[in-house]
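Chemist: Here it is, the structure in full.
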Amino acid sequence: MLPRPHPFLGFLAWLALCVASSSLGAIASINARSFYASLIRPDWAPPGWVFGPVWSALFLAMAVAAWLVWRVPQDSPARSRALRWFVIQLAANALWSWLFFAWHLGGAAFVEVLLLWLLIASTLLAFWRVQRLAALLLLPYLLWVSFAAVLNYTVWQLNPGLLG
């Protein structure tokens, strides 16, 4: 078994993975500001500027949560399973931006955000079995994605010409 890196380096690695996932989504969202502004949105939709700070805080919380689970002894199968769920949901998170903002596929983005919600819930449950604070750190993320799913569906229905 390889020696475990210093905890701070471990945190930096999880943070880098979260930043990489966020960056992949951001690449797809280069024109998101103008595209989002062009969409018919419900009255309760937040202004576009809200998304950046919210997602930044959520990705930071995700990195801390993954780091807390990673710090559990390596011989824990539950730890390994939880971190696999985490990486899978990160990939799904990045995909949503491509579906919605780059490819304008509202229906596919909605189905994908439902899958993302299930993956986050599975990750949260897996984290709960290993490190409860880590699971609690994922709750705001799950709640935000719940809101995002409703917003995705509503905007898709309001914009059939722009979102397929």
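Chemist: Say we look at the stretch 70-82 and pick out the residues that are hydrophobic (A, V, I, L, M, F, W, C) and out of contact with any Ser or Thr (no Cβ under 9 Å at 6 or more places or on another chain); which of these is farthest from Val19 (Cα to Cα)?
Modeler: Residues of the stretch 70-82 that are hydrophobic (A, V, I, L, M, F, W, C), as a first pass: 70, 72, 78, 82.
Next, only the ones that are out of contact with any Ser or Thr (no Cβ under 9 Å at 6 or more places or on another chain) stay: 70, 72, 78.
Values: Trp70: 17, Val72: 22, Ala78: 25 Å.
Here the residue is Ala78.
Chemist: Scanning the stretch 100-112 for residues that are surrounded by fewer than 21 Cβ atoms within 10 Å (Cβ to Cβ) and either of a type in the set (A, V, I, L, M) or not in a helix (DSSP H, G or I) (or both), which turns out nearest to the chain's Cα centre (by Cα)?
Modeler: Here the residue is Val111.
Table: residues versus (1) surrounded by fewer than 16 Cβ atoms within 10 Å (Cβ to Cβ); (2) in contact with a Leu (Cβ under 9 Å, 6 or more places away or on another chain); (3) without any contact (Cβ under 8 Å) to a residue 24 or more places away in the chain.
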residue	(1), (2), (3)
Leu118	yes, no, yes
Ser122	no, no, no
Val130	no, yes, no
Leu143	yes, no, yes
Val155	no, yes, no
Leu158	yes, yes, no
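Chemist: On to the next question. Go over the candidates Leu138, Leu115 one by one and state the one that is part of a helix (DSSP H, G or I) and closer than 20 Å to Leu60 by Cβ. Lay out the reasoning, then the answer.
Modeler: Details: Leu115 fails: closer than 20 Å to Leu60 by Cβ.
Within the list Leu138, Leu115, the selection yields Leu138.
Chemist: May I ask you to say which residue of Ala126, Ala92 is in contact with a Lys or Arg (Cβ under 7 Å, 6 or more places away or on another chain) and surrounded by 16 or more Cβ atoms within 10 Å (Cβ to Cβ)? Lay out the reasoning, then the answer.
Modeler: Details: Ala92 fails: in contact with a Lys or Arg (Cβ under 7 Å, 6 or more places away or on another chain).
Being in contact with a Lys or Arg (Cβ under 7 Å, 6 or more places away or on another chain) and surrounded by 16 or more Cβ atoms within 10 Å (Cβ to Cβ) holds for just one of Ala126, Ala92, which is Ala126.
Read-outs: derived from the displayed coordinates by stated rules, not from any lab. Because the structure is predicted, anything quoted here is derived from the model rather than measured. FYI the Cβ positions are ideal-geometry reconstructions off the backbone, even for glycines, and counts take in every protein chain you see.
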